[in-house]
């Protein structure tokens with residue numbers, strides 16, 4: 001099976017599966033299960049359990065960057081794996097000082113980190129408004145690129161990821177709420193030029209982006225909490 005499920009995002013359709021400002025995904029490639037980001041708190045656990053997803057099968061989690069809406073659930077990940085008596089490796093950016101937590105084994109990401117044959121992590125860097133540099137991790141599973149917030153810009157993230165293999169789909173946050181129509185169109189053109197055929201919009205993505213993606217013949221869907229998508 002090659003698919004991913006939305007545990008946390010800004011958009012919900014069912015009251016049993018609430019949303020929050022943040023992101024968490026459950027990704028499965030064959031016999032490898034990965035959690036990408038953890039949202040703000042324990043909501044990702046609640047939604048995973050409601051969806052009957054086997055969190056105990058997860059051996060690796062990836063935290064895209066240090067902001068609370070992506071890393072806030074890490075202590076709850078620790079609590080869960082402590083309760084089930086297992087250990088989970090957590091791949092984090094080099095600038096994220098993750099606290100020492102039971103049942104979690106921290107690994108700081110280099111520019112490229114392999115999880116298994118078809119799942120790997122790449123690093124890009126941006127400068128925040130404060131002037132400080134921030135690393136951000138993206139995950140590639142098979143030919144799908146998963147982005148957390150894309151503070152570094154999807155074009156930059158995609159260009160780095162393409163160095164390691166073909167990518168035809170992108171899912172995640174695009175951090176483009178404040179972008180102009182011209183900027184959105186330019187991004188859609190860049191995605192199409194890079195061979196992207198499908199996009200799933202999640203957390204911190206402008207719905208105005210959909211029209212520009214469709215104009216470039218890119219299939220676009222909004223990722224609601226509880227939805228599952230094939231890779």
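Only the coordinates and a few stated rules stand behind these numbers; no lab work does. Source: prediction; values computed, not measured. Every residue, glycine as well, gets a Cβ built from its backbone with ideal geometry; the counts of neighbours run over all protein chains shown.
Between 0 and 90 degrees, rounded to the nearest ten: what's the tilt of helix 181-193 against the longest Cα principal axis of the chain?
Long axis of 181-193 versus the principal axis of the chain: about 80 degrees.
Could you give the length gained on full extension between residue 68 and residue 207, defined as 0.36 nm per residue of separation minus the Cα-Cα distance, in nm?
Net length gain for the segment: 47.7 nm.
Ranking 194, 9, 130, 82 by Cβ neighbours within 10 Å, fewest first, what do you get?
130, 82, 194, 9
Using 0.36 nm times the number of residues separating residue 15 and residue 215, minus their current alpha carbon distance, what extension gain do you get?
Going from the current span to full extension adds 68.7 nm.
Efficiency by 1/(1 + (r/R0)^6): what FRET value for residue 87 and residue 143, r their Cβ-Cβ distance, R0 = 25 Å, to the nearest 0.05?
For R0 = 25 Å, the calculated efficiency reads 0.25.
Pick from 148, 173, 131 the residue whose mean-square fluctuation is largest in a GNM of the chain, springs joining Cα atoms under 10 Å.
Between 148, 173, 131, it is 131 that shows the largest mean-square fluctuation.
Please order 104, 7, 201, 66 by the number of other Cβ within 10 Å, starting at the fewest.
Lowest count first: 66, 104, 201, 7.
Could you check the simple spin-label distance between residue 228 and residue 112, using points 7 Å along Cα→Cβ, in nm with one decimal?
It works out to 3.3 nm between the two label points.
For the chain, give me the percentage of DSSP beta bridges that are antiparallel, rounded to the nearest 5 percent.
Restricted to the chain, the bridges split so that about 55 percent are antiparallel.
To the nearest 0.05, how large is the calculated FRET efficiency for residue 46 and residue 181 if R₀ is 30 Å and r is the Cβ-Cβ distance?
According to the calculation, E is roughly 0.20.
Helix 74-84 versus the longest principal axis of the chain: what angle, 0 to 90°, nearest 10, using Cα atoms?
That works out to roughly 40 degrees.
How large is the Kirkwood hydrodynamic radius of the chain, counting all unique pairs of alpha carbons, in Å?
17.4
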